[in-house]
Structure formats: structure tokens, C-alpha cells
Amino acid sequence: MPIYFIVIPIAVLTFLYSFVGWRLLGPLNLVGPFRSLAWGLILVAAAFPISSIAMRIIRIEDSIVDFVSWLAYLSLGFASILFFLLIIKDLAVFSNFLIGKIYLILQLETTETIVESTLGASGESRRQMLWTSVNVAILGTAGVMTSCGVVQARHRIKTENVTIPLKHLSKEFEGFRIVQLSDIHVGPTIKRGFVKEIVERVNALQPDVIVLTGDLVDGSVDYLSKDVEPLMDLKSPHGKYFVTGNHEYYSGVFSWLDKFEKLGLDVLLNEHRVITRNESNLVFGGVTDLKAERSVPDHKMNPAASLAGAPEADAKILLAHQPITVYQASKVGYDLQLSGHTHGGQYFPFSKLVGLAQPFIAGLYRHEKTWLYVNRGIGYWGPPIRLGAPAEITEITLTGTEEKV
């Protein structure tokens, strides 16, 4: 494993928790044991995610590690939300400072000057009380957002019903239903019970075909084998197709591919399958993850290869973990691409940052002649938090009627 995989996360965590401590505790002017205690609590909170990273690196997997991971990810989620709330506060204070300077330049009496002249010596203590109140409010807000995010991530799975028109779709496939799952991330905090609930909800929809668009696991086959076994109970008359995401390549991809096949998943590695109804064909292609070749050179993503030997079809549908694969998919004639990867941003404020790296975040898009649907994922990565990006099972209905979108 490259050294930067270790150094960069630890450096980011050190900065994150140091900033939170500095901006949260600094204005309070704590002294003696109170200051030491406060910083000690922040160091403990920071130690959990750093310990979790260390244990993942040396491949320790057991119930104790899972417990530490829960604490680590909750700590990280809370701290990251707190970080951005403190940034917002500082920006507001800085803006007020600039406005004050402009008033001074215009030789006007500022609000601060009025307050100081009125309060006199008590101005400093009043200001101290104000900052204490603001920081307590920020802590409370971060706590509420974290709690709501956990509930959303663990107990609020939304079924999205999407109708997609495919121009040449025949009446044989009118109303054909695809259920898409993506980014389950079975791992330290997502276990068998969560997977079983997903399976029950999908089977209740009675889809024609089920597709899983990557990042199913976060850990080894040896440790997580029993947790993924409910996937064997997924039912659909036309199969269950799977393509790899980037996290499969972090978790021992070849062992997992063997396991997936034993679970009844049809793994598509730059290849396709054909569903036929009365001489009409529907082609499902699947490609490896966009960055797969970094881990396995033979797994270089290749949409063109996935169509090699494919017959004429009403429609060609590509399963690809990363949405930006659509740029290549459209060139080789795919009508529809189903992807995941982004988690819809997962939670604020990262939901805003994802857009800087990904032009397709969640929902239905059109690139040239190819439709793209990006699933928000049903699990989560890292903090067990979702805010503004609900966990999703997607039920896609195909139609040949353009007006139905």
C-alpha cells in the first residue's frame, strides 16, 4: 500500500480535529484543568478514526474493530459537520469585521463602538458570554444534524420510481422493470440484518431483473461472508447482474467475485447478457470500475468490449459503477447507463463538494443519445450519516413512449 494512503488521511484528521478544538475552545478562555480536559476529549475523539484506519491497514477484522469503527465514524461525522458550521461562523464574523471597517472608513460610528461606549468595562464579559452561547448553539446544531443523519442512513430507505423512454423499445419490453441497488458497503457498520431488509424490500417489488452497480463490500470475504449471504435470496425471472466498484478492488476482488457467483450474482466483467422475448432483445452490458486497472491491469474498463458479439437489440443498457463512464458508453451505442458511486453526496456539506469532482450526482441525466441514471446508494461509506441524500432502491420502468418522462 502506498505510504500516502496512510499519511494523507492522518494529516487530514489531525487538521480537522485541531481546527475544531482551536475554534471551539479558543474563544472560551478555559484555564488549568478545564482546558486540559477539553483538549483531552478532542484527542480521544480524534484517536478513534485514526485507530480505525490503522486496524484496516493491518487487516484486523473482529467485533472489537467493528465497535471502534462505529465510534470512529460517528466521531468523524460529528466533527466534520462541526468543522463546517465553525467555518460558516468564522465567515460571518469576518464579514461583520469588513463591514465595520467600511463604516470606519466612511467615518460612521459602528455598532461595536456604540456597544463599547455603552457597556464600558463590561463589554469584554458580554462578548465572552456571546461567543460561549454561539459555540454551544453550534455544538447543539451539529449534534442534532448527526443524530438526524444516522436515522436517515439506517432507517429511511426510499424507493425511487423512474420511467425511462427508450426510442426503439418494442411492445415486448414495454413496462419492463429493473430494480437497481448500489453502494451497499457491507462492512464494519453494515451487517447481515441491513442486507436482509434490503432483500425483502426488493423482492416485494417483484422486478423483471435486478442489477447491482458496485461497492457492495468493504472488507474481506473471510469476515463478511455471512453478512452478504441474504443476497442469495434476491429473486427475479431474468437474473441478477453485478459489476465491480472501486471498493471491491480494496477488499480482495478475486475472492469476492467467486463469492458473488456462489450467491447467484451474474458478474459482468466487460461483457454482456441478452434477454429475449419473442425475437426482441434487450442487452445488458457490464464494465469493471473506471479505476480497476490500477489494481488489476486485466480489468481495464472497456464499454466497447462489453458489446462484442451482441445481437441487434431494442435497447442496450450498461451497468457501470462510476457515472462518468457515460462519455464512453454513448460512443459505443448504449441507450441507458445505470451507475452509483456518488452516494448523492451522502450528507451536507460534502454533498456540495461532490459536485466539484462529479458532473452527475443523483437522478436522471441525458448525455447525447444516452440516458444516465445515478443511484444515491443504499448504504454509506464512513460516517453512518445521510442528510439531503436519502438511501435509495431504484425501480426503473422502461417505455417506448417519450412523453412518459
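The values are calculated or read from the model by the stated rules, or taken from the named source; none is laboratory data. Keep in mind the model is a prediction, meaning the values are calculated, not measured. Every residue, glycine as well, gets a Cβ built from its backbone with ideal geometry; the counts of neighbours run over all protein chains shown. In case anyone asks, the SASA skips ligands and DNA or RNA and just uses the protein heavy atoms, side chains included. Shrake-Rupley method; radii C 1.70, N 1.55, O 1.52, S 1.80 Å.
General observations
- Selected from 41, 269, 318 as most flexible by GNM, with the chain as the system and alpha-carbon contacts under 10 Å: 41
- Rounded to 10°, Cα long-axis angle of helix 123-155 versus longest principal axis of the chain: 20
- Residue-wise HN-Hα coupling along segment 304-321, computed from phi with Karplus coefficients 6.51, -1.76, 1.60 (Hz; x: Gly, Pro): 5, 5, 5, 9, 4, x, 5, x, 4, 9, 4, 7, 10, 10, 9, 9, 8, 4
- For the chain, built as a Gaussian network whose Cα springs stay under 10 Å, the top-fluctuating residue of 156, 126, 273: 126
- Estimated FRET transfer efficiency when R0 is 45 angstrom, pair residue 6-residue 94 (beta carbons, to 0.05): 0.85
- What the Cα atoms of the chain give is an Rg and a Dmax of 25.5, 89 Å.
- Between helix 192-205 and the chain: long-axis angle, C-alpha atoms, 0 to 90°, nearest 10: 50
- Cleavage-rule hits (GluC sites (Glu not before Pro)) in segment 290-388: DSSP loop, at most 10 neighbouring Cβ within 10 angstrom: 312, 368
- Ordered from largest to smallest accessible area (heavy atoms of protein chains, 1.4 Å probe), the residues 244, 14 come out as 14, 244.
- By a 1.4 Å probe calculation restricted to protein chains, residue 247 has an accessible surface near 20 Å², given to the nearest 10.
- Accessible surface of the chain [probe 1.4 Å, protein heavy atoms]: carbon and sulfur percent: 61
- Pairs over the 31 Å Cα-Cα cut-off, from the set 171/235; 191/316; 171/352; 240/369; 171/226; 89/158: 191/316; 171/352; 171/226; 89/158.
- Helix 63-105 vs. the chain, principal-axis angle (Cα, 0 to 90°, nearest 10): 50
- Each peptide in 281-291, 79-89 receives the mean, over its residues, of other Cβ atoms within 10 Å, and ordering these scores from highest gives 281-291, 79-89.
- Among beta bridges that DSSP assigns inside the chain, antiparallel share in %, nearest 5: 35
- Long-range HN-HN contacts of residue 244 with modeled amide H, under 5 Å: 289
- Gain on full extension, evaluated as 0.36 nm per residue between residue 104 and residue 279 minus their Cα-Cα distance, stands at 54.9 nm.
- Only aspartates and glutamates eight or more places from residue 167 in sequence, or on another chain, were considered; those with a Cα closer than 13 Å are 314, 335, 402, 403.
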